[in-house]
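Asks: This is the structure, below, for whatever I ask next.
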Amino acid sequence: MRRRLRLRRDASLTLLLSAALGLLLYAQHDGEAPTTSTPQARRREAQRPTPGPRAFQVLDSGAAPPAYEGDTPPSPTPTGSFDFRRYLRAKDQRRFSLLINQPHKCRGDGAPGGQPDLLIAVKSVAADFERRQAVRQTWGAEGRVQGALVRRVFLLGVPRSADPEGEGTQTHWRALLHAESHAYSDILLWAFDDTFFNLTLKEIHFLAWASAFCPNVRFVFKGDADVFVHVGNLLEFLASRDPAQDLLAGDVIVQARPIRARDSKYYIPEAVYGLPAYPAYAGGGGFVLSGATLRRLASACAQVELFPIDDVFLGMCLQRLRLTPEPHPAFRTFGISQPSAAPHLSTFDPCFYRELVVVHGLSAADIWLMWRLLHGSHGPVCAHRQPVAAGPFQWGS
Ligand SMILES: *[C@@H]1O[C@H](CO)[C@@H](O)[C@H](O)[C@H]1NC(C)=O
């Protein structure tokens, strides 16, 4: 009885702390650059005079095909308009050297137990150390998860120095990344500028790296550092899939129209992309692919002309392979407002997250807190049964 009471006291304390942290996050969130707001959130913010509660937004269903506005850009976000002429001129320069490698990441000697079942690859930028820490300590943790061997890498380019005579800053970041790589063995650093429009370079370099250094990996999850991934649910989903078959699943966007408004960050002139709609693509916030598709994409993407929006680019590579990405309702790379799938739950409710695979738009603290709420010693007490994960999980069954 006393133990029960203590448990209850613990639970209310957790709730209280969560509420406090939530308030704090909310206060902070409003002051921030719009890096965690989704396209819909951005659009709606413009019409909303006073900021509402910290909310994720849902894609309007039944509306016209969504225009591409992408998802969370990594900081630093682009400033000024995009120089297409320069981009087109430099487009053929698409091979950059690897400055920090993890050659043993997927080898038996570096990975006790052999080849990973799941490789988690997270796009990050040098300055975002805290988010990397949050991911390392939560959903990106390496080791065995429900019997599956999980490995992790972060994908980085060279930070573009803010000030022109930023020689010192450059060496500073490089030294930090080397130290971080030494400590965690999870940093991949390439020699291109880490900018929003170079995410496509990150994509092709990662695909080439993974097929060279992780040739036998069963599945790969690739996403942003501001997502929450329910790795257990992801593994459940993958349990019935064959890594030798094609698979790329995520938050799939079909018939997105290129944005022709010059002042948009995602403006694409007709000279660069003339067709009225993009091929189907999976939102870059988080998607999963099989080892077979990884290897096929690596060679297909090498033949597709660079396109400045990375997830659309990957859609173009898929199209070249005559593959279509598979929509999965539990991948929410555009974030959530009132969870339409589960209206009985509030947004920051572990019972809601428990039913999803990927949720986009979280701060480092959000990620950590959600992990604690989901994986804490008591676990969330939810009225509804967990629908995604059913029965004990077995790899290779
Ligand atoms: C991409 O990186 C290259 C090499 O660092 C750089 O020259 C180029 O300006 C970058 N492109 C964009 C669009 O940021």
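Bear in mind these aren't lab numbers, they're just calculated from the coordinates by the rules spelled out. Note that the structure is a prediction, hence the values are computed from the model and not measured. Using ideal geometry, Cβ is built from the backbone for each residue, glycine included, and neighbour counts are taken over all protein chains shown.
Asks: For Ala302 and Arg107 in one chain, what is 0.36 nm times their gap in residues minus the Cα-Cα distance, to one decimal in nm?
Replies: Additional length available on full extension: 67.7 nm.
Asks: First select every other residue whose beta carbon is under 14 angstrom from the beta carbon of Ser181; then total the charges, Lys and Arg +1, Asp and Glu -1.
Replies: +3
Asks: Determine the principal axes of the Cα atoms in segment 127-241, then give the extent along each, sorted from largest to smallest and rounded to whole angstroms.
Replies: So the extents along the principal axes, rounded to whole Å, are 53, 27, 23.
Asks: Mark the label point 7 Å from the Cα of Leu275 along Cα→Cβ and return the residues of segment 283-323 whose backbone N is within less than 16 Å of it.
Replies: Counting only backbone N, you get 301, 303-323.
Asks: Label Ala292 and Ala191 with points 7 Å out from Cα along Cα→Cβ: what is the distance between them in nm?
Replies: Simple spin-label model gives 3.7 nm for this pair.
Asks: Would you mind ranking Ile253, Ile259 by Cβ crowding within 10 Å, fewest neighbours first?
Replies: Fewest-to-most ranking of Ile253, Ile259: Ile259, Ile253.
Asks: Which order do Met316, Met370 fall in if you start with the one that has the fewest other Cβ atoms within 10 Å?
Replies: The most exposed by this proxy come first: Met316, Met370.
Asks: Now a separate question. Please give the contour-minus-distance gain from Arg241 to Gln146: 0.36 nm per residue of separation, less the Cα-Cα distance, rounded to one decimal in nm.
Replies: 32.6 nm
Asks: So, one more: If each of Arg322 and Gln93 carries a label point 7 Å out from its Cα toward its Cβ, how far apart are those two points in nm?
Replies: 3.8 nm
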